[in-house]
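This report concerns only the one structure given below.
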Amino acid sequence: MTTTFASLPIVDLGPLKAPLGPTAGQLTALSKHLYDVFSTTGFAYLVNVPLSFDHADVFGLALEFFALPEEEKMKLAKKTFRKKNKNTYRG
């Protein structure tokens with residue numbers, strides 16, 4: 001499958017910064033947009049990201065992921081590596 005696009009997809013995560021959190025409608029729309037972008041092009045430029053991770057946080061999350069059992073990690077594998085999985089792009 002070939003995907004073509006004329007520009008880098010831009011996804012605004014601003015609704016996640018709302019003091020009371022996003023509304024159900026905003027969350028549904030954002031979820032659909034993220035799914036569409038990452039299942040087609042595989043990457044996007046995220047703006048208004050409500051995260052403040054430092055290097056230690058990021059590496060800690062990576063360590064947690066790689067410490068998971070192989071079976072758990074393979075749930076995220078592309079169809080190339082695991083035939084029963086959806087062939088979604090991971091960027």
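The values are calculated or read from the model by the stated rules, or taken from the named source; none is laboratory data. This one's a predicted model, so the numbers in the text were calculated from it and none came from an experiment. Cβ coordinates were reconstructed from backbone atoms using ideal geometry, including for glycine residues, and neighbour counts include every protein chain displayed. The accessibility values were calculated without ligands, DNA or RNA, using every heavy atom of the protein model including side chains. Shrake-Rupley method; radii C 1.70, N 1.55, O 1.52, S 1.80 Å.
Things to note:
- Filter pass, residue 15 being at pLDDT 90 or above, of a type outside the set (A, V, I, L, M, F, W, C), surrounded by 10 or more Cβ atoms within 10 Å (Cβ to Cβ) and part of a helix (DSSP H, G or I): yes
- Flag if residue 89 is hydroxyl-bearing (Ser, Thr, Tyr), surrounded by 11 or more Cβ atoms within 10 Å (Cβ to Cβ), modelled with pLDDT of 85 or more and under 14 Å from the mean Cα position of the chain (by Cα): no
- Where a residue in the stretch 42-61 is without any contact (Cβ under 8 Å) to a residue 24 or more places away in the chain and its partner, wherever it lies, is assigned to a helix (DSSP H, G or I) and open to solvent by 80 Å² or more (accessible area, probe 1.4 Å), with Cβ under 9 Å and at least six apart: 53/61
- Failed criterion for residue 37 (all others in (1) in contact (Cβ under 8 Å) with a residue 24 or more places away in the chain; (2) closer than 20 Å to residue 86 by Cβ; (3) exposed (fewer than 13 other Cβ atoms within 10 Å of the Cβ); (4) aliphatic (A, V, I, L, M) hold): (3)
- Residue within the stretch 40-62 that is at pLDDT below 85 and part of a helix (DSSP H, G or I) present: yes
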